[in-house]
Structure formats: structure tokens, C-alpha cells
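Trainee: A single structure is presented below for examination.
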Amino acid sequence: MKNIPFFNYSALFQENSQELTKIFKNVSSRGAFIMQDDLVQFEENLAKYTNVKYAVGVANATDALQLLLIAGGISSGDEVIFCSHTMVATASAIAFTGATPVPVDVDKDHMIDVNSIEAAITPKTKAIMPTQLNGRMSNMDEILRIAKKYNLQIYEDSAQALGAKFKGKSAGSFGIGGCISFYPAKVLGCFGDGGAVLTNNKDIYNRIKLLRDHGRGEDGNVSIWGYNSRLDNLQAAILNFFFQTYDKTIKRRRAIATLYHENLKGLKSIYLPPPPESKGNHFDIYQNYEIEANRRDELKEYLVNNGIGTLLQWGGKAVHEFRELGFTQSLPYTENVMRNSLMLPLNMTITDDDVKYIANIIWKFYNAKN
């Protein structure tokens, strides 16, 4: 029996321990801990990679979303539409501006259901926030069309989508701007929390630079009320290191997703995510490989008993199901997705043989049940 954890956190360091130790010694010996050259270099690399004008490193992706919303003018009395199939942080970023998060349904590809957006629009609606989930992007053509029709802003929760594209355009480069997460399990992860804001708007860029550092400008003057949300310089240096091979990382993840698809596509008891496209509108980076499965909980237990780690995204609840937060909406399709979804291991430590083993165990489970 194999032992395949869902994610091997210690391997992040172990596989590159010599290079990462050098980075730690270099940054530490320079005393370069807060907003130094490593951060500037990473922000420049990130902006260039995503083909946006500006990138700002912040403490985490939740802060990135909240600061972006504030910089864009979202405030008390506004409503922001988002997909309930996301982490609660998407909604909390909206709530902490004073605005009201309005959840809508998910579509079959686990992106926001664009057909549900218009029905949720009210006179108070100020913006749409699609979550570019699992390394895939939403149908941005339709979202842009709706936003233009109703004069709404667009903010992207692109925490899981660095490098993902829709019709050749990068996640986080649409609308007012987007956010990226560098949580350790992300495709590009650091050794703690980290995030960034992407934008093409110079005013938004300048405002977020103030907001992340107590409202303080480069001259030391404090011109607005701000926060303490800076991406640590050491984390930026680590991200610069991993960024050097990021395209190879994405290529490998797409290969793993292809292998999953080839080995599971004939199994009628599960619903697979879209396979990698060689041509088409979507370029997916496969942050996660999230399936829908009949008898999901039984399958999860069977996989664990065969040495395979899995994960229920966000504990198996959509945001609107946290009723204590004041949500009253009923979204049956989203709820059904959440009851059946399961994430399989997809990271840089699993091998082709691991994927084939996982697929074989899944086939055995359903063959035994039929």
C-alpha cells in the first residue's frame, strides 16, 4: 500500500534545502526583513508575468482582497455579488468594508454561474467578484458584459489562479484588479502567509501601497488611515526562487491533471473537472483537482484506508451555509456540489505511478459497490 499525503508541506523545504538556506542567510545577514529589494524585485516579476502594470505584495490574499475593495471605493451600503463556492475569506473581505456579500450559485465547472448574476443585481449592487477557483478562470466575457450593462465594477479573487488565463489574459488582470495567495500549498507558495494585489490602475496601486503600510508614503507622511499588511521580504526572496521554475511547475501540474483524466474518464460514478486544453478559452494551472463523487464520504474513507490523503475544500460547506453570518439564501445546486466534492492529491511530490494508484483504488471502490 502506498502512502500519498494530500500535501507534503515539509518537502517544500527538503527538496531545495541548500538553496533556501542560502536565501535565509543572505536576507538575514543583510538585515533585509521589511520592504527591501527582494520584495521590489518580486513585485516586478509578478507584474511582468501576469502582464499587468502593477503588483503590490501584502500579508495574505484576504488582506489583498479587502485592500483592493477599499481602494476601489466599496463601502457601507454597497452589495458585492460573489460565488458561494469559495472560501469564507472572499465574503469576509467584502463584509469588512461595510458592504454586503451576496452569494450566488456555482456552475458545473465549479466557477461562478454567470446566469445567476443578473438575478442577484439590485440598486445597491456595486461590483461582481468572481473566484478564479482551482486554477481555472470564470467566463470573463459574460461577466464583463453584465458589468458593462449594469455599470458594475469587477474584482477578481484569483488567490488560486496565478498563471491561469481566459482567452490569453491572466487571472487578476480584469476589471479593477485581483488578488493572489502565496499560502504554502498554493502553486506558488511561500513558507507562511503571503499575498499580492494586481492592477492596471495607477491610482489603485498608489492607494494600496499606502493602505498596506499604515497609510504612510515613501516620504514618511501619513495621509490616510491604513493597515499593517506587508509581504515579508524573506518570503518575497523565497517566492523569487520558486518563481524561476514556475512555468515548469504548471506544466507538471497540467500533466498530472491529464493523467487523472485519462485514468478516470470512463468511471460514471464521478464527475471530473475539465481536462487541460491545448486550444480554447481556458488555460488551467490546476491548483486543485476537485471531483464530484457518488458516495463521497465512503470513497474518502476508502482512500484513506488505502494510504491516500484527500480534502474537503473549506470543510465541505459553501459560504452561504454559514447561517450564523446572516446568510438566508438557498442555493441547492451549490449545496449539492459541496455534498459531493472531493479533492485528490495534486502537487509536485506525487508521481505518475501515484496518480495511477489513486485512480485504480477509486475504480476498485466503485466496482466493489456495484
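The values are calculated or read from the model by the stated rules, or taken from the named source; none is laboratory data. Keep in mind the model is a prediction, meaning the values are calculated, not measured. Positions of Cβ are generated from backbone atoms using ideal geometry, with glycine treated the same way; all protein chains shown enter the neighbour counts. To get the accessible areas, we keep the full protein, side chains included, count just its heavy atoms, and leave off ligands, DNA and RNA. Shrake-Rupley method; radii C 1.70, N 1.55, O 1.52, S 1.80 Å.
Trainee: Of the residues 19, 15, which single one is acidic (Asp, Glu), at pLDDT below 95 and either exposed (fewer than 15 other Cβ atoms within 10 Å of the Cβ) or touching a strand residue (DSSP E or B) at 6+ places or on another chain (Cβ under 9 Å) (or both)?
Mentor: Checking each option against the conditions leaves just 15.
Trainee: Can residue 260 be described as crowded, with 19+ Cβ neighbours inside 10 Å, in contact with a helix residue (DSSP H, G or I) (Cβ under 8 Å, 6 or more places away or on another chain) and on the phi < 0 side of the Ramachandran plot?
Mentor: Working: crowded, with 19+ Cβ neighbours inside 10 Å: yes; in contact with a helix residue (DSSP H, G or I) (Cβ under 8 Å, 6 or more places away or on another chain): yes; on the phi < 0 side of the Ramachandran plot: yes.
Criteria met by residue 260.
Trainee: Do we find that residue 301 is farther than 30 Å from residue 80 by Cβ, charged (D, E, K, R), open to solvent by 50 Å² or more (accessible area, probe 1.4 Å) and part of a helix (DSSP H, G or I) in this structure? Step through it out loud before you land on a result.
Mentor: Numbers: farther than 30 Å from residue 80 by Cβ: yes; charged (D, E, K, R): yes; open to solvent by 50 Å² or more (accessible area, probe 1.4 Å): yes; part of a helix (DSSP H, G or I): yes.
So residue 301 fits the description; yes.
Trainee: Would you say residue 349 is in contact with a helix residue (DSSP H, G or I) (Cβ under 6 Å, 6 or more places away or on another chain) and in a loop (DSSP other than H, G, I, E, B)?
Mentor: Numbers: in contact with a helix residue (DSSP H, G or I) (Cβ under 6 Å, 6 or more places away or on another chain): yes; in a loop (DSSP other than H, G, I, E, B): yes.
Yes.
Trainee: A follow-up question, please. State all residues of the stretch 268-298 that are closer than 27 Å to residue 1 by Cα, of a type in the set (Asp, Glu) and either open to solvent by 60 Å² or more (accessible area, probe 1.4 Å) or assigned to a loop (DSSP other than H, G, I, E, B) (or both); if no residue qualifies, say none.
Mentor: The answer is 297, 298.
Trainee: Considering only the stretch 169-206, how many residues are hydroxyl-bearing (Ser, Thr, Tyr) and under 12 Å from the mean Cα position of the chain (by Cα)? Step through it out loud before you land on a result.
Mentor: If we filter the stretch 169-206 for residues that are hydroxyl-bearing (Ser, Thr, Tyr), which is where we start, we get 170, 173, 181, 183, 199, 205.
Imposing the further condition that a residue be under 12 Å from the mean Cα position of the chain (by Cα) reduces the set to 181, 183.
Total satisfying the criteria: 2.
Trainee: Can you name the condition, by its number, that residue 73 falls short on among (1) assigned to a strand (DSSP E or B); (2) over 17 Å from the mean Cα position of the chain (by Cα); (3) not charged (D, E, K, R)?
Mentor: Evaluating residue 73 over (1) assigned to a strand (DSSP E or B); (2) over 17 Å from the mean Cα position of the chain (by Cα); (3) not charged (D, E, K, R) leaves (1) as the failure.
Each row is one residue, and each column tells you yes or no for (1) open to solvent by less than 20 Å² (accessible area, probe 1.4 Å); (2) of a type outside the set (Gly, Ala, Ser); (3) at pLDDT below 95.
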position	(1), (2), (3)
165	no, yes, no
186	no, yes, no
204	yes, yes, no
207	no, yes, no
210	no, yes, no
218	no, yes, yes
222	no, yes, no
238	yes, yes, no
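Trainee: Of all residues in the stretch 109-139, how many are over 17 Å from residue 94 (Cα atoms), outside any loop (DSSP other than H, G, I, E, B) and open to solvent by 10 Å² or more (accessible area, probe 1.4 Å)?
Mentor: Matching residues across the stretch 109-139 total 6.
Trainee: Of everything in the stretch 22-52 that's under 25 Å from the mean Cα position of the chain (by Cα) and free of Cβ contacts under 8 Å to residues at least 12 places away in the same chain, which residue is least open to solvent (accessible area, probe 1.4 Å)?
Mentor: 40
Rundown of residues vs (1) without any contact (Cβ under 8 Å) to a residue 24 or more places away in the chain; (2) touching a Phe, Trp or Tyr at 6+ places or on another chain (Cβ under 7 Å), yes/no style:
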| site | (1), (2) |
| --- | --- |
| 211 | no, yes |
| 248 | yes, no |
| 274 | no, no |
| 282 | no, yes |
| 288 | no, no |
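Trainee: In this structure, is residue 101 modelled with pLDDT of 95 or more and not in a loop (DSSP other than H, G, I, E, B)?
Mentor: Working: modelled with pLDDT of 95 or more: yes; not in a loop (DSSP other than H, G, I, E, B): yes.
It is true that residue 101 is modelled with pLDDT of 95 or more and not in a loop (DSSP other than H, G, I, E, B).
Trainee: Here is a follow-up. Out of everything in the stretch 312-370 that is more than 25 Å from residue 298 (Cβ to Cβ) and of a type in the set (Val, Ile, Thr), what residue ends up being surrounded by the fewest Cβ atoms within 10 Å (Cβ to Cβ)?
Mentor: This residue is 328.
Trainee: Filter the stretch 140-159 down to residues that are β-branched (Val, Ile, Thr) and assigned to a loop (DSSP other than H, G, I, E, B), then give me how many there are. Talk me through it step by step, then tell me what you get.
Mentor: Taking the stretch 140-159 first, the residues β-branched (Val, Ile, Thr) are 143, 146, 154.
Now narrow it down to the ones that are assigned to a loop (DSSP other than H, G, I, E, B): none.
Here the count works out to 0.
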